[in-house]
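As C-alpha cells, the structure follows; a few thoughts come after it.
Bear in mind these aren't lab numbers, they're just calculated from the coordinates by the rules spelled out. As the structure is a prediction and not an experimental result, all values here were calculated from the model. When we count neighbours, we look across all protein chains shown, and the Cβ atoms used for this are built from the backbone with ideal geometry, even at glycine.
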Amino acid sequence: MYDIAIIGGGIGGLMAAYRAIVNDPTLKIIILEKGMSLSKRHCPAGKNQKCIHCKVCSITSGYAGAGAFSDGKFNLGTAYGGTMGEELGEDLAMYYINQVDSILEQFADDYPPMYHSNEELKLKCLQNNLRLLDMNVRHLGTDKNFDTMQSLIDALEEQGVEMRDLTEVLEIEKMDGCYAVSHRRGSREAEVLQASKIIISTGRSGSDFVIRTCKKFGIRMDANSVDIGVRVEMKDIIWREFSSQIYEPKILYRTKTFEDRTRMFCFNQGGLVSAENNHGVITANGHSFAQPEKKTENCNFAILSSIHFDGDFQKPTEYAENIARNTNFAAEGNIMVQRFGDLIRGRRTNAHRLSQSTVRPTLQAFPGDLSVVLPYRALTNIIETIYALDKVAPGCANDDTLLYGCENKYYSIKPKHNENFEIMEGVYLIGDGSGITRGLSQSGAMGIYVADKITGREVNA
Ligand SMILES: Cc1cc2nc3c(=O)[nH]c(=O)nc-3n(C[C@H](O)[C@H](O)[C@H](O)COP(=O)(O)OP(=O)(O)OC[C@H]3O[C@@H](n4cnc5c(N)ncnc54)[C@H](O)[C@@H]3O)c2cc1C
C-alpha cells in the first residue's frame with residue numbers, strides 16, 4: 001500500500017513528490033508515467049523535422065512531461081500561466097511559485113539570472129494600444145531545463161520515490177479507506193496497486209483520463225476557453241530592442257474589428273519553430289537554446305486569439321482540434337506555413353515563394369494558405385495584431401514574416417474542486433490537467449501546494 005500514488009511525471013507530479021518526501025521522508029510514494037524515462041525520450045522529428053505520429057508522443061509525454069524539451073521558461077508571477085492567483089490569493093500563489101524557483105535552483109548547475117520587466121518598453125507599448133505584461137522570468141533554456149529535471153528525478157529516486165515509466169493508469173476505484181489504481185505497462189496485463197491518496201497530474205495530454213474519472217464519480221466539469229492562432233517567425237533583429245532588455249515580450253492587444261483580446265507570447269530569441277503532436281493533431285510551437293552556438297538568426301512567438309463559448313456549447317477543445325486537424329489535412333499531414341505578404345494579398349505561399357523569402361524557416365512545413373483553414377474572426381484578429389506589433393517592432397509586418405498554422409492552446413476542462421484541489425476525498429487534481437494552470441511554474445506550484453496539504457505543512461504567506 002502506498003501513501004501517495006502520483007499519476008503523471010510532469011513538473012506538477014515531480015514537484016508534488018519532491019515536496020511530499022522532503023516534508024515526510026517516511027512516506028511511500030510512487031509515480032506512474034505513461035511515457036518514457038527522461039533519458040530515453042526522443043522525438044524522431046528532430047532528425048527530419050517531420051512528425052511521424054508516435055503512439056506515445058515523446059514531446060508531450062514521459063518524465064518531465066510536456067516541459068521536457070520546452071524552452072524552460074519559468075514565468076514567476078500570476079499574470080499568466082494559470083489562475084493560481086485567483087485560486088489561492090496573490091500572496092500565497094506567489095509563495096508557491098517562488099518555491100518552484102528555489103527547488104529548481106537546488107538542482108540546476110549555474111542557475112541563470114532573473115529577467116525583470118522594463119518601464120520604457122511598457123510605455124512604448126501603451127502608447128501604441130498594446131499592453132506589455134509585467135513578469136519576472138527565469139530562462140533555463142531547453143538543455144539546462146532537461147538536465148535540471150534529470151537531477152530532480154535522480155534526487156527523488158535516491159530518496160526512495162518509486163518511479164515507473166511506460167505505465168499508463170487506466171482507472172481508479174474507490175475502496176475502503178483507499179483507492180485501487182489500475183495500470184498497465186506497455187502491452188502487459190493490467191495490474192492494480194493501492195494508495196491512500198491520489199494526485200492526478202496528467203497534464204493536457206491526459207485530459208481523457210480526467211474526463212473519464214470525473215464522469216465515473218459524477219464530478220461536475222466546466223468548459224474552459226480556447227485560443228486559436230499561429231506561430232510567427234521573423235529575423236531576430238526585429239525584436240532585439242525588446243529581447244535585449246527583457247527576457248520575454250508578452251503583449252496583449254484588443255483588436256479593432258471584433259474588440260477581441262489577442263496575445264503575443266512564448267517568445268523565443270534565436271529560436272526554432274517546432275511541431276507538437278496532441279493525439280495525432282500536429283500544431284506549431286517554438287523553443288530556443290540557451291547556448292549562443294545553438295541560436296538561429298530568427299525569433300518566433302505565438303499570436304493567439306481567445307474564443308470563449310458561452311451558452312451550452314461544452315466542447316471548445318474539440319472545436320479547436322478540428323481546426324488544427326483541418327489545417328493538417330490541407331497541409332498533407334503537416335503544419336502549414338505562409339508568408340505574411342502572401343496572406344494579405346490573398347494568395348497561397350508555394351515552395352518557390354518560400355524559397356525566395358529572406359526569413360529562412362526553421363521548421364519544414366507545408367507552404368499553403370492559412371485563410372482557407374483559420375476562422376475569419378481569428379485570422380482578422382491575428383492580422384490586426386501583427387500590424388499593431390509592427391508599431392513597436394518595425395519589420396514585424398514584413399512580407400517575409402512567416403506564419404505557421406496553427407498553434408492552439410487547449411485548456412483542460414475544469415472539474416469542480418475544493419480549496420485543497422481535491423476533486424473527491426483523497427483525490428487531488430493538479431497542473432495543466434486541472435484547467436487551472438497553463439505553464440511550468442504554476443503547475444509546479446500547485447504540486448507543492450497539494451503536497452503541503454497532504455502532509456499537513458502549514459504555510460502563512
Ligand atoms: C513544446 C512546448 C514548450 C513549452 N514551453 C513552455 C515554457 O517555456 N514555459 C512554460 O511555463 N510552459 C511551457 N510549456 C507548457 C508546459 O510544458 C506545461 O504547462 C507543463 O508541462 C504542465 O505540467 P504538468 O505536470 O501539469 O503536465 P505535463 O507536463 O503535461 O505532464 C503530464 C504527464 O502525465 C502523463 N500522463 C498523462 N496521462 C497519463 C496516464 N493516464 N497515466 C500515466 N501518465 C499519464 C503524460 O505522459 C505527461 O508526461 C510548453 C509546452 C510544450 C509542449
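Overview of values
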| item | result |
| --- | --- |
| Anisotropy class of the stretch 363-417 from Cα gyration tensor, a/c 1.5 cut | prolate |
| Given charges at Cβ of Lys, Arg, Asp, Glu: the chain dipole, positive-most of Tyr63, Gly85, Met1 | Tyr63 |
| Three-way shape label, the stretch 226-410, alpha-carbon gyration tensor, a/c 1.5 | rounded |
| Span from the the stretch 242-281 Cα centroid across to the the stretch 145-224 one, whole angstrom | 31 |
| Relative contact order (%) - the chain, alpha-carbon pairs under 8 angstrom, separation at least six | 23 |
| Length-normalised contact order of the stretch 226-410 in % [C-alpha pairs under 8 Å, at least 6 apart] | 33 |
| Gap separating the Cα centres of the stretch 402-437 and the stretch 47-124, nearest whole Å | 15 |
| Whole-number percent relative contact order across the stretch 34-167, with pairs defined as alpha carbons under 8 Å at least 6 apart | 32 |
| Theoretical ellipticity at 222 nm over the chain - DSSP helices of four or more residues, -39500 (n - 2.57) apiece, nearest 500 | -9000 deg cm²/dmol |
| Least to most buried among Ile21, Ile251 (fewest other Cβ within 10 Å first) | Ile21, Ile251 |
